Amino acid sequence: MREISLRTRALGGLALAATSALVLAGCASGSTDGGSTDTAYKAADCAADSTSDNTFKVGTLLPITGSLAFLGPPEIAGVGLAVADINAAGGVNGKDACLYSTDSGDSSDMSVSTASAEDLIKQKVSVVLGAASSSVSLNVVDSFTEAGIVEISPANTSAALSGYSPFYFRTAPPDTVQGSALGQLITGDGNSKVAFLVFNDSYGTGLRDSTEPSILDAGGTVVYGGTGKGQEFPPAQTTFSSEVTAALATQPDALVVIAFDETKAIIPELVAQGWDMANTYFTDGNTGSFEKDFEAGTLEGAQGTIPGAAPSDELKALLGKYWSDVQGEELTDFSYAAESYDATMLAALAAVKGGDTTPKTIQANLAAVSGANGGEKCSTYADCVALLKDGKDIQYQGPSSVGPFNAKNDPSSAFIGIYKYNNKNVPVWASAVEGKS
């Protein structure tokens, strides 16, 4: 069962923008836990002899290349900042953590994630943070499970991954939560006839299948691209004249685009065929800045959804400093950064609770430190470690605001952010709904 409560948050000024991703591999240190710092964060390679037996070795499988590369910087920064905060607070069981990063690529070329997964297993990491793409995780999760390595995704939403493996966890909610929120948003805006332009990917069809029931429950109809109609397009398609023509021929009130980079080819086709872009809805895979891609005002009024609460100004400042110090670039997109930060913190706390940094210990203690069994609430690594050392149960509450892991290793509750595009084609935080899975 799922519930969506209309608990909204105040308007914020978060604007998302695509940023190029660069490789990051190393250990990060120099932050104060939960506070600001004047010390530069530093990256250094993990020692050649480091393994999960002697070090909290964080491996990442995040998008440096491919259609989700715009999500790489905030996710990598979230993990890196967490490692920095962990080390500033004394490390894991008295020893600094380190970071080993690889590229996940995307679902158009699974050989990238396959090779990276093999590398991470060979490196004997304590935990893998990633992937961003649900299809990529479905490609590698069996390998990590067979190797007994915990995978925690900060961004996977496919319902197919719920309860998939005892070694698979995520800090992003499943599509059932986002789909319900999106469907309510669309019908709440007064739309009754809805068309989908969706790619044939586990993320695309899964989110569509979770959104459609909410539309139908509200008395709406899906006139194009619905479940079972066989009207999906393949990933990496570059022209969409026929799909747009067919969708608009059904005279929809609203149109939902569920795709990745394909969106940049879909938008101009919609405009060319006279569609009012203010009646368009995007999702987390494409709710990003198109400021540099289209004429100002092209997307004004369009809306999108992204799982997660809006990050605080303090967190954005720390993430920005980390990215600037390590990469020399400005961080302007914060999608899934908080979820990445919390995933890393939870894994470290599980290692502290269990007394060692092996994947088996982390897997056995992840649910407990998330608060699945109750416990005293704590929001920083240092405070949580102090409670654990006193023999107390804890419930880590981080910036993503997700609830404890449930029986399927999904967050038991999470926020879905609602964004509206301004006249610069940039999505701006408007509100959020909280859902339970």
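The values are calculated or read from the model by the stated rules, or taken from the named source; none is laboratory data. This structure is a prediction, so every number in the text was calculated from the model and none was measured. Neighbour counts run over all protein chains shown; Cβ positions are idealised from the backbone, glycine included. Each accessible area value is taken on the protein alone, full model and side chains, heavy atoms only, with ligands, DNA and RNA left out. Shrake-Rupley method; radii C 1.70, N 1.55, O 1.52, S 1.80 Å.
What number, in percent, do you get for the relative contact order of segment 196-300 if the mean sequence gap of Cα pairs under 8 Å and at least 6 apart is divided by its residue count?
Relative contact order for segment 196-300 comes out at 28 percent.
Give me the net charge of K424's neighbourhood, meaning all other residues with Cβ under 9 Å from the Cβ of K424; Lys, Arg count +1, Asp, Glu -1.
Summing Lys and Arg as +1 and Asp and Glu as -1 gives -2.
What are the lysines whose alpha-carbon lies under 18 Å from the alpha-carbon of K408, with same-chain residues fewer than 8 places away excluded?
Straight-distance partners of K408: K360, K436.
At what distance in nm do the modelled label points of K95 and A407 sit from each other, each positioned 7 Å from its Cα along Cα→Cβ?
The modelled label-to-label distance comes out at 3.8 nm.
I'm spelling it out carefully: the read-out is P(r) over Cα pairs in 10 Å bins from 0, in percent, the candidates are (1) 5, 24, 34, 24, 11, 3, 0; (2) 4, 20, 28, 23, 13, 7, 3, 1, 0; (3) 4, 18, 25, 22, 15, 10, 4, 1, 0, and one was derived from this structure. Which label?
Computing P(r) over Cα pairs in 10 Å bins from 0, in percent and matching it to (1) 5, 24, 34, 24, 11, 3, 0; (2) 4, 20, 28, 23, 13, 7, 3, 1, 0; (3) 4, 18, 25, 22, 15, 10, 4, 1, 0 gives (1).
Excluding A131 itself, what net charge comes from residues whose Cβ is under 12 Å from its Cβ, given Lys and Arg +1 and Asp and Glu -1?
-3
Roughly how tilted is helix 134-147, in degrees to the nearest 10 and between 0 and 90, from the longest Cα axis of the chain?
30
Quick one: of the DSSP bridges fully inside segment 366-437, what percent are antiparallel, nearest 5?
70
In the neighborhood of P73, defined by Cβ-to-Cβ distances under 9 Å, what is the net charge if each Lys or Arg adds +1 and each Asp or Glu adds -1?
Cβ neighbours under 9 Å give a net charge of -3.
Quickly rank 124-132, 406-414, 152-160, 216-224 as a protection proxy: mean count of other C-beta atoms within 10 Å, highest first.
124-132, 152-160, 406-414, 216-224
Simple spin-label model, 7 Å along Cα-to-Cβ: T114 to A47 in nm?
In this crude spin-label approximation the distance works out to 3.5 nm.
Longer than 20 Å from Cα to Cα, which of K264/K321; K321/K377; K264/K420; K316/K392; K264/K292; K292/K424 are they? Say none if no pair is.
K264/K321; K321/K377; K316/K392
Angle between the Cα long axis of helix 313-327 and the longest principal axis of the chain, 0 to 90 degrees, nearest 10?
Once rounded, one gets 80 degrees.
Say each of K264 and A249 gets a label point 7 Å from the Cα, pointing the same way as Cα to Cβ; how far apart are those two points in nm?
3.0
Remind me, relative contact order of segment 332-420 in percent, using alpha carbon pairs under 8 angstrom and six or more residues apart?
Worked out over segment 332-420, it gives 24 percent.
Relative contact order of segment 118-230: what whole-number percent is it, with Cα pairs under 8 angstrom and at least 6 residues apart?
22
What value, in deg cm²/dmol to 500, does the helix sum -39500 (n - 2.57) over DSSP H runs of n ≥ 4 give at 222 nm once divided by the residues of the chain?
Rounded to the nearest 500, the figure is -10500 deg cm²/dmol.
Out of the DSSP beta bridges found with both residues in the chain, what percent are antiparallel (nearest 5)?
For the chain, the DSSP antiparallel bridge percentage is about 40.
Hey, what's the chain come to in accessible area per residue, 1.4 Å probe, Å²?
36
If the reach is capped at under 15 angstrom between alpha carbons, list the aspartates and glutamates near K95, excluding any in the same chain fewer than eight residues apart.
Those aspartates and glutamates meeting the cut-off are D49, D53, D85, D356.
Give the carbon-plus-sulfur fraction of the accessible surface of the chain in %, rounded to a whole number; probe 1.4 Å, heavy atoms of protein chains only.
48
Mind checking the angle between helix 359-370 and the chain's longest principal axis? C-alpha axes, 0 to 90 degrees, to the nearest 10.
It works out to around 70 degrees.
Any chance you could check the Cα centroid distance between segment 385-437 and segment 210-257 for me, in angstrom?
Measuring centre to centre over Cα atoms gives 29 Å.
For a label point 7 angstrom out from the Cα of D293 toward its Cβ, which stretches of segment 406-437 have the backbone nitrogen within less than 12 Å?
Under 12 Å, as judged by backbone N against the label point of D293, lie 425-427 of segment 406-437.
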